[in-house]
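Here's the structure, in C-alpha cells; my notes come after.
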Amino acid sequence: MLQQHSAPERAAAHPVDPDGEETAEWIESIDGLLAARGSERAAAIVAQLSERIGATRQAPAGALTTDYVNTIPASADAHYPGDEAAERRYRAWIRWNAAVMVHRAQRPEIGVGGHIATYAGAATIYETGFNHFFRGKDHPSGGDQVFFQGHASPGMYARSFVEGRLTEAHMDGFRQERSREGFGLPSYPHPRLLPDYWEYPTVSMGLGPMNAIYQAQSNRYLAARGIKETSEQQVWAFLGDGEMDEPESRGMLQLAANDGLDNLNFVINCNLQRLDGPVRGNGKIVQELEGFFRGAGWNVIKVLWGREWDELLAVDHDRALVDLMNATPDGDFQTYKAESGGFVRDHFFGRDPRTAKLVAGHTDEQIWNLKRGGHDYRKLYSAFKAASEHRGQPTVILVKTVKGYKLGPSFEGRMASHQMKKLTAKDLMDFRDLLRIPISDAALERDVYQPPYYRPEPGSPELEYMLERRRALGGPVPQRRSKYTQIPLPDDGAYALARKGSGKQQAATTMAFARILRELLRDTGMGHRIVPIIPDEARTFGMDAYFPTAKIYNPKGHTYMSVDRELLLAYKESTSGQILHVGINEAGAVAAFTAAGTAYATHGEPLIPVYVFYSMFGFQRTGDSFWAAGDQMARGFVIGATAGRTTLQGEGLQHGDGHSPLLAATNPAVISYDAAYGYELAHIVRDGFERMYGGEHPDPNVMYYLTVYNEPIAQPAEPEGVDAEGILRGMHRVARAEGEGHPAQLLASGVAVPWAIEAQRLLAADWGVAADVWSVTSWSELRRDALLADEAVLSGAEAREPFVTQRLREGSGGPVIAVSDYMRQVQDQIAQYSPTRFLSLGTDGFGFSDTRAAARRFFRVDVESIVVRALEGLELDGVLPQGTAREAAERYRLADVTAGTTGSAGGDA
C-alpha cells in the first residue's frame, strides 16, 4: 500500500523557519551577489562562511546535498544542436530492435535469456552520447573510452544493426556464441568474445566504476610520460544506482578527485530499482549519491525532471513542489510510474493543497506525461555538455529514469522488469504502435516468437542523419582495435645478471626478480613503457631502489619536504614519474594494471604493467578483477611476492599463501610459474615479453603470474645447456640420480626445490635410493598441456602423450613425489598424468606464525618428510620392506616440530 505522509511528517523533513524574514534577507543578499559577481564569487563567499561556521564546531546540516531538482535550471539549459525529431525517430527503431532481439532469443528451442528493461529506460541517455559526445577512434582527439552498463548491451547491438555494422544473423545469434559461430553475440560487453567490438567488460557489478577511474588516470599517465597526447579524450562510465552499493563502485572516488581527473564522467542511471526491489525504498538514492560524490570532491549534476516540469517549477514560488519532491521517498516515486496520471494527481500532488492547485488545469494524461529527466534529450544534453566542459574535477551525472520505459504497463517500473524477457502479441502490437514502427499486424501474428526487426531502406533521411553524426564524431562506438606501435624487445643483457647466479651471496627470488626489473627499466628501447605498480611495501620487495630514478607518478608533483630526503633511496614523486604507487589498495592496483595492460588496444601504444604484491592478497582478494582483466585481454606481469605458506615466516594465517597458484590456474588468461631460481625467472620473463609483445604468438593476450619468495638462498648460475624448453613448458631436471639404487623421482617447485635436492642426498646416503630431482616451474602449464592431449583424443585428432608424461618416462623411474610450499591440490593437478605411482606433500590448512623450519615440519613438507614420502612410495610398489617409511619417520622425529631444520631465518617480512 502506498505510504501516506502526514503534515507533521512533512514538517519534520523540512522544519519551519523560526525567522523567515531574516532568511529572506540572506537569500536576497546572495541573489544580489550572484547577479553582480557571478556564481564563482558567490561560491567562494559561501565557502568562507562555511569555514567560519566550521571553526565554531557547528557544521551546516545537509551541506552536501541540494534540492531534489535539476542542477542546471531551465534558464541555463544549453541550446540543443541536433535534429530532435530525427533522433527520436531512429531511437524508436533502436528500442524496437533491442526488445525484439531479446524476445526472439526466448523462442522455445533457444531460451537463452536476456534483459529488455535496462536499455528501455536508458535509451535516451545513450542516444545523447552517441549523437553528440562519444568520439570514435578516428576523431582527432584519439577517441573516448565508453564503459557501457552491461545489462544495456541489447541497445548497443540494436544501434549497430541500424547502422549496418551487424546483420540479422548477428542479432539472431544473441547469446549463442558457439552454435552460431561467426555470428554469435555475447550476452554482455565481453571483449575477449567480440574483440573488434567491445572494449570494457562491465557486468560484474562494481568493476566498471573502478576500472573507469583508473582508465582516466592511465590516459593522463600516458601523456605525462610523453607516450601519447590524450588531453582531449573523455572517459564515460554508465552505471546503475543499485550497482553503487558495491564497495568498488565508491571506494576509489577519492583518487579521481585527488588527481583532478576532469576527463572522467560517471553517468548513473537512477531508475530507483535493484533486481529485486527498490534501491532505497524509504530514502532517496540520488540524494545519497550526491552527498557521497560531493563529499569525495566530485562535481555533481542532477538530471531528475524533464522539460514538462519547468513551467510548474517556475510558478512554485513558495517551494511547495520542491519541498514535496524533497520529502517523497523513492519507493513512492517508483509506484507512481507503475500507476496512472490520476493516481499521481491524488497521491503526489494531492499531498499538499498548493501543489494540487499547480496541476488543477492539467489533464490526467498531461500529468502522466510529466517525464523524468533521463527521458529528455535537452536536459541530458545540457548535463553532458556541462560535464565534458568542467575543469578540475571528475563529474557524476545522476539521471532519474523509469526502468522498462515505453515497454508498456507490464514492464514500466515493475519490480520484476529485470527478469522479464518476453513480450506477448498484444505487448508487441502496443509497443509497435507507440514507436510507430511500420510493421503489419500480420507480420507480428505470423510467429509471436519471430517478430521482424526493422531497419529503413538506405537513403532514409533519419538514417543518413544518424550515420553522419557518427562520422562527425570519429566513427563507430563501441569499437576495439588491436593494432599498436611495435616495440623493441629487451636484449640478452637485461637477463645476464640473473643467469649468473648470486655467487657467494644469498638472494631470494623476490630480489632476483627485482634485479631483472631494474635492468629492464634501464632498457633504452622499451624501458620507458614499463609500469611498475605497487600497493605499498616496495621496500619489502627490494623495489625502493627505483624511487630516485624512476620516481612515483603524481600529477601534482612533489611539493613537500620528504622526511627521508637525505637518503640515497628517498621517496620521490614527479608529474612524469614511472611508478604507480597506489597505496594499500589491491583492487585499485589491478584496475591500474588492467588500464596499462590494455593500452596497446585502447591507445595503440603498449604499456607493460608489472604489478608486485603480497601473493596472499592477489587472486584471493581480487580474483574477479583479474577475471575481467583476462576478458579485456590485458597483458603484463603479475608478481606474487613473499609467496608460500611457510616461507613468509612469522606473519601468520592471513599472510601465508598456500594456494595462489591454484586460484591463478582457474583463470584461462593467466600463465602461472613458481620458479626456484633467478635463471629460471630470466627465461620466463623473456618468454613473457616475446609472447605478449613480440607480435608472433597466436595468443598474446595473457598475463604472466610469477610467485617469488623472500627466503635467501644461494642462487646457482644457469647450467650449461640448460633445458630452456622444459623451464617454459613446466619442468626441467636440476639434479640427476647418482650411483645405483632404487629409483624415484622428486618433483618440487619454487622454494621447495632445494629441499628436494637435500632429500635426494639423504635418500642416497641413508636408504640406497637414487632419485632424480625436477624443478616444476609450472604445475598448471603441465596440466593444460595434458588437457590439450586429452582433447585431441576426444576430438578425433591424432593422440599424443602429455609433456609431463614424456619427461617422467625419461627420468629415473620409480614413484613420483611432488612437493611445494602450497596445498597438495597444486601438485595434484598432474597426478593422473604420471606414468608411475604419484604421491604429494603440501601445506594444506591455515598458516600460522612460527619459524620456517617449524612450519615446514608441521605441514610435513620439509626435507625429511620428502624422504619418508619417497620411502612410502617404494614400499607401496613392493620395492622396500614394510615398515621402512615408519622407521625413517621415527629416526627423523617427524612428529616433533622442534626437530625441523629446513629453511633459513633471513628475508624481509
So Leu794, is it surrounded by fewer than 23 Cβ atoms within 10 Å (Cβ to Cβ), in contact with a Pro (Cβ under 9 Å, 6 or more places away or on another chain) and not assigned by TED's automatic domain parsing to the domain that holds His659: no
Qualifying residue in the range 826-837 (condition: within 14 Å of Gly644 (Cα to Cα), touching a Ser or Thr at 6+ places or on another chain (Cβ under 7 Å) and not small (Gly, Ala, Ser)): yes
Within the range 111-130, tally of residues that are at pLDDT below 95, crowded, with 23+ Cβ neighbours inside 10 Å and of a type in the set (Val, Ile, Thr): 2
Contacts under 9 angstrom Cβ, first residue in the range 778-791 being β-branched (Val, Ile, Thr), partner at pLDDT 95 or above, 6 or more apart: none
Sole exception among (1) touching an Asp or Glu at 6+ places or on another chain (Cβ under 8 Å); (2) modelled with pLDDT of 95 or more; (3) under 24 Å from Ala789 (Cα atoms) for Gly811, by number: (2)
Which numbered condition Gln745 fails, given (1) under 30 Å from Pro606 (Cβ atoms); (2) in contact with a Gly (Cβ under 9 Å, 6 or more places away or on another chain): (1)
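In the range 383-405, what count of residues is obtained for those that are surrounded by 21 or more Cβ atoms within 10 Å (Cβ to Cβ) and more than 26 Å from Gly242 (Cβ to Cβ)?
Adding up the residues that qualify gives 0.
Do the conditions hold for Arg621, that is, is it closer than 21 Å to Ala643 by Cβ and either crowded, with 24+ Cβ neighbours inside 10 Å or within 26 Å of the chain's Cα centre (by Cα) (or both)?
Criteria met by Arg621.
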Residue check, Arg436 touching a residue at least 12 places away in the same chain (Cβ under 8 Å), buried (at least 16 other Cβ atoms within 10 Å of the Cβ) and of a type outside the set (A, V, I, L, M): no
Residue match in the range 486-509 (condition: modelled with pLDDT of 95 or more, of a type in the set (Lys, Arg) and assigned to a loop (DSSP other than H, G, I, E, B)): no
Boolean, Val638 is over 15 Å from Gln217 (Cβ atoms) and crowded, with 24+ Cβ neighbours inside 10 Å: yes
Lone unmet requirement of (1) modelled with pLDDT of 95 or more; (2) loosely packed, with under 15 Cβ neighbours inside 10 Å; (3) part of a loop (DSSP other than H, G, I, E, B); (4) not aromatic (Phe, Trp, Tyr) for Pro108: (1)
Filter result (touching a strand residue (DSSP E or B) at 6+ places or on another chain (Cβ under 9 Å) and surrounded by fewer than 21 Cβ atoms within 10 Å (Cβ to Cβ)) within the range 249-283: Asp262, Arg274
Those helices (runs of 4 or more DSSP H) lying entirely in the range 747-841 with at least 1 residues over 24 Å from Asn667 (Cα atoms) and over 38 Å from the mean Cα position of the chain (by Cα): 753-767, 803-810
Residue satisfying condition, being farther than 30 Å from Ile552 by Cα, in a strand (DSSP E or B) and not aliphatic (A, V, I, L, M), within set Asn282, Asn326, Asn269: Asn269
Candidate set from the range 867-905 (those that are under 49 Å from the mean Cα position of the chain (by Cα), assigned to a helix (DSSP H, G or I) and of a type in the set (D, E, K, R)); member that is nearest to Thr647 (Cα to Cα): Arg869
Hits in the range 199-221 (condition: of a type in the set (A, V, I, L, M, F, W, C) and buried (at least 24 other Cβ atoms within 10 Å of the Cβ)): Leu207, Met210, Ala212, Ile213, Ala216
The range 213-248, residues that are out of contact with any strand residue (DSSP E or B) (no Cβ under 8 Å at 6 or more places or on another chain) and among the aliphatic types (A, V, I, L, M): Leu222, Ala223, Ile227
Residue that is more than 24 Å from Glu243 (Cα to Cα), surrounded by fewer than 19 Cβ atoms within 10 Å (Cβ to Cβ) and touching a Lys or Arg at 6+ places or on another chain (Cβ under 9 Å), where the choices are Arg159, Arg180, Arg165: Arg165
Residues (farther than 14 Å from Gln234 by Cβ and surrounded by fewer than 23 Cβ atoms within 10 Å (Cβ to Cβ)) located in the range 131-150: Asp138
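Is it the case, given these coordinates, that Ser482 is within 30 Å of Gly695 (Cα to Cα) and assigned to a loop (DSSP other than H, G, I, E, B)? Before the answer, list the steps.
Numbers: within 30 Å of Gly695 (Cα to Cα): yes; assigned to a loop (DSSP other than H, G, I, E, B): yes.
In short, yes.
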Condition met for Gly129 (of a type outside the set (Phe, Trp, Tyr) and assigned to a loop (DSSP other than H, G, I, E, B)): no
Subset of the range 752-774 [buried (at least 21 other Cβ atoms within 10 Å of the Cβ) and either touching a Ser or Thr at 6+ places or on another chain (Cβ under 7 Å) or within 19 Å of Ser904 (Cβ to Cβ) (or both)]: Ala752, Val753, Pro754, Trp755, Ala756, Ala759, Ala771, Asp772
Which listed residue, of Val826, Val769, is of a type in the set (A, V, I, L, M, F, W, C), under 30 Å from Ala507 (Cα atoms), assigned by TED's automatic domain parsing to the domain that holds Phe859 and touching a Leu at 6+ places or on another chain (Cβ under 7 Å): Val826
Residue that is in contact (Cβ under 8 Å) with a residue 24 or more places away in the chain and more than 30 Å from Arg294 (Cβ to Cβ), where the choices are Ser204, Ser160, Ser249, Ser179: Ser160
Selection within the range 723-751 - farther than 28 Å from Ile608 by Cα, hydrophobic (A, V, I, L, M, F, W, C) and surrounded by fewer than 19 Cβ atoms within 10 Å (Cβ to Cβ): Ala735
Helices (runs of 4 or more DSSP H) lying entirely in the range 660-737 (those with 1 or more residues that are basic (Lys, Arg) and farther than 18 Å from Ala498 by Cα): 678-693, 724-729
The range 875-909 - residue that is touching a residue at least 60 places away in the same chain (Cβ under 8 Å) and closer than 30 Å to Phe613 by Cα and, of those, surrounded by the most Cβ atoms within 10 Å (Cβ to Cβ): Gly903
Unmet criterion (only one of (1) part of a loop (DSSP other than H, G, I, E, B); (2) modelled with pLDDT under 95) for Thr335: (1)
Matching entry among Lys385, Lys371, Lys357, Lys337 (being more than 20 Å from Lys284 (Cα to Cα) and under 38 Å from the mean Cα position of the chain (by Cα)): Lys385
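The values are calculated or read from the model by the stated rules, or taken from the named source; none is laboratory data. It should be emphasised that the depicted structure is a prediction, and the values quoted were computed from it without experimental measurement. Backbone-built Cβ (ideal geometry, glycine too); neighbour counts: all protein chains shown.
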